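One structure is given here, and the rest of the page talks about it.
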Amino acid sequence: MAPKKNDKASIKKDIVQHSVETLCRNPYNLDKLAVYQATAYSVRDRLLEDWNMTQEAIHKENPKRCYYLSMEFLIGRALDNALHCLEVKDVYKESVKDLGFNLEDLLQQERDAALGNGGLGRLAACYMDAAATLDYPTWGYGLRYQYGIFKQLINSDGYQIEMPDYWLDSNGNPWEFPRNDVRYEVQFYGYVATKVNEKGESRMSWEGGDRVQAMAYDVPIPGFDTKGCGNIRLWASKSLKTFDFASFNDGDYDRSVADQKNAENLTSVLYPNDNHLVGKELRLKQEYFFVSASLQDIIHRFKRSNCAWKDFPDKVAVQLNDTHPTLAIPELQRILVDIEGLDWDAAWDIVTRVFAFTNHTVLPEALECWSVPMMEHILPRHMQIVYDINLFFLQKVEKMNSDRGLLNRVSIIEESNPQQVRMAYLAVVGSHTVNGVAALHSDLVKTELFKDFVSYYGPEKFINITNGITPRRWLYQANPDLRDLITETLGGNHWVTHLDDLKGLTKYADDADFQAKWMNIKLKNKVRLASWIKANLDITVDPRSLFDIQVKRIHEYKRQFMNILGVIYRYKNLQLLSAEERKDVTPRVVIFGGKSAPGYYVAKMVIKLINTVAQVVNNDDSIDGLLKVVYIPDYNVSLAEIIVPASDISQHISTAGTEAAGTSNMKFVLNGGLILGTVDGANIEIRDEIGEENIFMFGTLADKVADIRHQQKYHGVEIDPNLQVVLQSIQSGEFGGPETASVFGPLINTLTYGGDYYLISADFEKYLDAQDKVDETYKDTAAWAKKSILCTAGMGFFSSDRATREYADKIWNIKPVNIKEAAV
Ligand code: NBY
């Protein structure tokens, strides 16, 4: 087949042809949605050429490959990204213009692929982008949820309402290839029997139960400045039984299709909880379905290469993105022992050389545990294998140290009622390497979370790989004006794949002309966000105000509550100022966005409080528009692409020691936004890279948090006097009247009677001081511009290219594939 041509005439022809032949539309009567789709199909054809060439190159070279197992991939939109990667955006713009359309309008037609909750899922997407860009033989594996993270509405009372996100609407998804021929069976329930094989050996065998089918859908992931194209293979559940004829003939039509529906429900919806576990049976089944299908596929490919099992770890690396795919460990052991006939130790040696595990949290409520009876019921053979893994592990630990307490502490089985399987411990025992996602976090992993495992295995098994973000989506694509300025200043776009080049901006930090251009771009991005806010929320904000942004999942540990309490404090102060004093005030727009887990009561109250305060503040003419509060509903990847470039300040203010890394902090700073943050997660390394004079940091340090909690527990919480005033104003009904005030009672109680676990009161004064510093600094535009430039200049380290290379070198032991050579 002749390769696709990228001249305007060919592109137009392709778009029209897809309108007619793929979409069955009259080419003289097309709407934006149809043209978006036809355009997407034409771009996908071009991607496909690269996809095929890449897979061919990998197949020929047959190198060691890495598989990134993640229950979540928060990809966002694909079209704009693909146009940039294929370097055809301009010619496409012209082509669709000739057809009577505006490309930017068409891009808005695409639904986000929102198959993730937050940072963990977005990180997986950034790593797939980097792996494709760097030509690594790496595939992602995930689930093809029919419903991604719910759509968030804010009702007129200011509460979050959840709506289903049926993203695979009837129009079809141009960004996936159904692989009708790639299907595997997945078993659940049943019982374990002993069977004697042909050699007369007795083996355990998992019998009976239910079976469903997994079918593959491939999502191409374009690389930048390469002919390489990566892949994420997503599994959808299908029924093995198409139809129950007996029921049908009995006239029981519902029942005749019930099996089919049940099987397909398995991958229907993404669980919407982040950093909190809900131990639902359906979720456990999703996890096993995912690892079973993925491993069958990996093994199928391995077997085609005619290698022996002992070579498996030299050909395959599997990264577990958090504990969600940890069942892959007992599953591979089961396949090797029960089906392939290896002895236990040989199998276990293979398993532990294949897997590596990334931990993303130290919060106890987020650590996955599954009840033993549930696991026994759904996965009877796996439960036995987990017991055996644990037994052999504890025997080894005991040889070194027979302390009973230690054995209890490191046991994979928690002796509670009912017993629980500690998935993180299973992941540690079954992996060769465990990594945290920022320096402080990896330290806490070693010294607290897995302390006892460090003393058994030694420290080398536990490493840090600080998170990274893709500069393609998060600067090149989302901030075109800044991209062009940087490219012009650095003399080319080498920086897009070598982000350390940004250091070259340092020498312009004091240059008045450059500062003016830089700040002008920021202003333009703020105007873009202000128009979005006006058009969608009918709130007027002045782009010359300081834009102060906190967008992320709503969680107590992330302290959006502290932010809005600070806003109330600011509002009350403004009310007291004279007209003269107000002249000196920096006007602010405080922007919030983020979803709460549907069952997270306190987080939902925080959303309600923010919206209630916004309602009062935005309608109070007496403060001369010096403060506006905006809640952007349904925060997602596409909105982030508009929000991130528009920030002057963004807040990353988690209680020290709670936010593993954070990745949006990196996105904001990359776009020249300053940070107001705590000494937590990756904020610390950002400070080290950009210089402490370019970041506003405050708050209790991680190693002091436990002491303060202890104090508060035994002596009660001493509420900060400024905070006291703020709380009183809420309680007195200043926001929403006395009835609404009572709604906030339980929220306020988390501070007072609840022991203020997240140290809002303890940090409040320092938070307000830091905010004052922000206001003061912003008044000096040149000083601010300099900081902003130095922020971007210092962000080279946080590219997902660097992070992915570290995984490849330190954990996976894989090398890039030579795609260009294979192409000839
Ligand atoms: O992972 C986040 C961390 O909070 C953040 O600090 C870090 O930067 C990021 C990437 O390393 N964790 C996160 O997003 N976690 C989840 O979304 C999540 C989702 C599901 C479940 C647990 C956590 N679950 O148990 O189902």
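Of all the numbered requirements in (1) under 17 Å from Leu426 (Cα atoms); (2) among the hydrophobic types (A, V, I, L, M, F, W, C); (3) away from the ligand (no atom under 16 Å from the Cβ), Val291 misses one, and that requirement is (3).
Checked against the criteria, Asp634 counts as buried (at least 20 other Cβ atoms within 10 Å of the Cβ), of a type in the set (Asp, Glu) and farther than 23 Å from Glu776 by Cβ.
Listed by first and then second residue, the pairs linking a residue in region 280-293 that is farther than 10 Å from Leu327 by Cβ to a residue that is more than 14 Å from the ligand (Cβ to nearest atom) and hydroxyl-bearing (Ser, Thr, Tyr), with Cβ atoms under 7 Å apart and 6 or more places separating them unless they lie on different chains, are Gln286/Thr267; Ala293/Tyr184. Within region 359-383, the set of residues being assigned to a helix (DSSP H, G or I), in contact (Cβ under 8 Å) with a residue 60 or more places away in the chain and closer than 20 Å to Ser416 by Cβ comprises Glu365, Ala366, Met374, Met375, His377, Ile378, His382.
Taken as a whole, the structure leaves Asp311 outside the set of residues that are part of a loop (DSSP other than H, G, I, E, B) and charged (D, E, K, R).
Could you tell me whether any residue of region 301-308 is in a loop (DSSP other than H, G, I, E, B) and modelled with pLDDT of 95 or more? Give the steps one after another, and end with the answer.
We begin by selecting, within region 301-308, every residue in a loop (DSSP other than H, G, I, E, B); these are 305-308.
Now restrict to residues that are modelled with pLDDT of 95 or more: 308.
Scanning region 301-308, I find at least one residue that is in a loop (DSSP other than H, G, I, E, B) and modelled with pLDDT of 95 or more, so the answer is yes.
Residues in region 596-613 that are touching a residue at least 60 places away in the same chain (Cβ under 8 Å) and either assigned by the TED database to the domain that holds Asn275 or part of a helix (DSSP H, G or I) (or both): 12 in all. Residues that are part of a helix (DSSP H, G or I) and either surrounded by fewer than 23 Cβ atoms within 10 Å (Cβ to Cβ) or within 16 Å of the ligand (Cβ to nearest atom) (or both) within region 458-475 comprise Pro459, Glu460, Lys461, Arg473, Trp474, listed in sequence order. Against the test of being among the aromatic types (Phe, Trp, Tyr), over 29 Å from the mean Cα position of the chain (by Cα) and assigned to a helix (DSSP H, G or I), the options Tyr92, Tyr28 yield a single qualifying residue, Tyr92.
Confirm whether Ile690 is within 19 Å of Leu499 (Cα to Cα) and either under 33 Å from the mean Cα position of the chain (by Cα) or aliphatic (A, V, I, L, M) (or both). It is true that Ile690 is within 19 Å of Leu499 (Cα to Cα) and either under 33 Å from the mean Cα position of the chain (by Cα) or aliphatic (A, V, I, L, M) (or both). Put simply, of Leu490, Leu505 the only residue that is surrounded by 15 or more Cβ atoms within 10 Å (Cβ to Cβ) and under 29 Å from Asp680 (Cβ atoms) is Leu505. Among the residues making up region 196-241, those that are charged (D, E, K, R), within 30 Å of Pro816 (Cβ to Cβ) and assigned to a strand (DSSP E or B) are Asp218, Arg233.
Note on region 650-673: among residues that are at positive phi and in contact with a His (Cβ under 9 Å, 6 or more places away or on another chain), the one that is farthest from the ligand (Cβ to nearest atom) is Gly657. Residues in region 245-286 that are closer than 26 Å to Val182 by Cβ and of a type in the set (D, E, K, R) were compared, and the one that is nearest to the ligand (Cβ to nearest atom) is Arg283.
The values are calculated or read from the model by the stated rules, or taken from the named source; none is laboratory data. Nothing here was measured: the structure is a model prediction, and the numbers come from that model. Glycine also receives a Cβ, built like all others from the backbone with ideal geometry; neighbour counts cover every protein chain displayed.
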